[in-house]
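Contents: one structure, followed by commentary.
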Amino acid sequence: LQANYQVGQIFQQQGSLLEAEAAFKKVLHVKPDHLEAGMKLAQLYFDLAQENKAIVTLEHVVEKGGDAALGKEAVSKLSRLYQRRAERLSKAGESEFAIREYKALLKYDPDNAAAHYSLALLFTTLKRMDEALEEFRIVTRLAPDNNGTYLNMAKIHAQKGRFRQAAESYAYAV
């Protein structure tokens, strides 16, 4: 088992990525909770521009790793992958798909204020104001100094004719 892991590392260092993939998969087949092999395999998939495989592998590491250091590292990498995919989809005008990616990110990293903020902006663009307000409220809890959040909330409240709430949100922003 350890020999396959070391062989995988050697292949990966040499740039023999397909051979490295096979070695790490052997390790995980025998011992699915071998977090190091999972992380190496996820990095390999990332290097091969196979985001979906990287995500599935990182999700597996998170599931097996829990609060262990590698589990937390996997959550961080997973969050960055989902963030990048969501941003790419959003820029391409694929808002619904971007929303799905942000929600997947938040499943693993629920306190990610930037993801909640981006999700709120997408909802605003799609005129889904109640959902946008909910996300902005979460941002106010996670990042209370984000003035843009309060300004956006004020704008939504004003559009809905809730001028008192709009004034309160605006007062927080200035």
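When you scan the range 2-17, how many residues do you find that are open to solvent by 40 Å² or more (accessible area, probe 1.4 Å) and more than 28 Å from the chain's Cα centre (by Cα)?
Number satisfying all stated conditions: 8.
Just to be sure I understand the filter: pairs with C-beta atoms under 9 Å, separated by 6 or more residues or on different chains, first member in the range 1-12 and in contact (Cβ under 8 Å) with a residue 12 or more places away in the chain and farther than 12 Å from Lys26 by Cβ, second member of a type outside the set (Val, Ile, Thr) and open to solvent by 60 Å² or more (accessible area, probe 1.4 Å). Which pairs pass?
Gln9/Lys40; Gln12/Glu19; Gln12/Lys40; Gln12/Gln43; Gln12/Asp47
Tell me, please, whether a residue that is open to solvent by less than 40 Å² (accessible area, probe 1.4 Å), among the acidic types (Asp, Glu), touching a helix residue (DSSP H, G or I) at 6+ places or on another chain (Cβ under 6 Å) and free of Cβ contacts under 8 Å to residues at least 60 places away in the same chain can be found in the range 21-30. Can you show your working first?
Here is the first cut: in the range 21-30, the ones open to solvent by less than 40 Å² (accessible area, probe 1.4 Å) are 21, 23-24, 27-28.
Checking the rest, the ones that are also among the acidic types (Asp, Glu) come to 21.
Applying the additional criterion that residues be touching a helix residue (DSSP H, G or I) at 6+ places or on another chain (Cβ under 6 Å) yields 21.
With the extra rule that they be free of Cβ contacts under 8 Å to residues at least 60 places away in the same chain, the set shrinks to 21.
Yes.
Pick out the one residue from Ala92, Ala86, Ala132, Ala166 that is within 30 Å of Phe46 (Cβ to Cβ), buried (at least 16 other Cβ atoms within 10 Å of the Cβ), out of contact with any strand residue (DSSP E or B) (no Cβ under 8 Å at 6 or more places or on another chain) and at pLDDT 95 or above. Explain how you work it out, then say what you get.
Details: Ala92 fails: buried (at least 16 other Cβ atoms within 10 Å of the Cβ); Ala132 fails: within 30 Å of Phe46 (Cβ to Cβ); Ala166 fails: within 30 Å of Phe46 (Cβ to Cβ).
That would be Ala86, the only listed residue that is within 30 Å of Phe46 (Cβ to Cβ), buried (at least 16 other Cβ atoms within 10 Å of the Cβ), out of contact with any strand residue (DSSP E or B) (no Cβ under 8 Å at 6 or more places or on another chain) and at pLDDT 95 or above.
The values are calculated or read from the model by the stated rules, or taken from the named source; none is laboratory data. From a predicted model like this one, the values you see are computed outputs, not experimental measurements. Cβ atoms come from the backbone with ideal geometry, glycine included; neighbour counts cover every protein chain shown. Quick note on the areas: whole protein, heavy atoms, side chains included, nothing else; ligands and nucleic acids left out. Shrake-Rupley method; radii C 1.70, N 1.55, O 1.52, S 1.80 Å.
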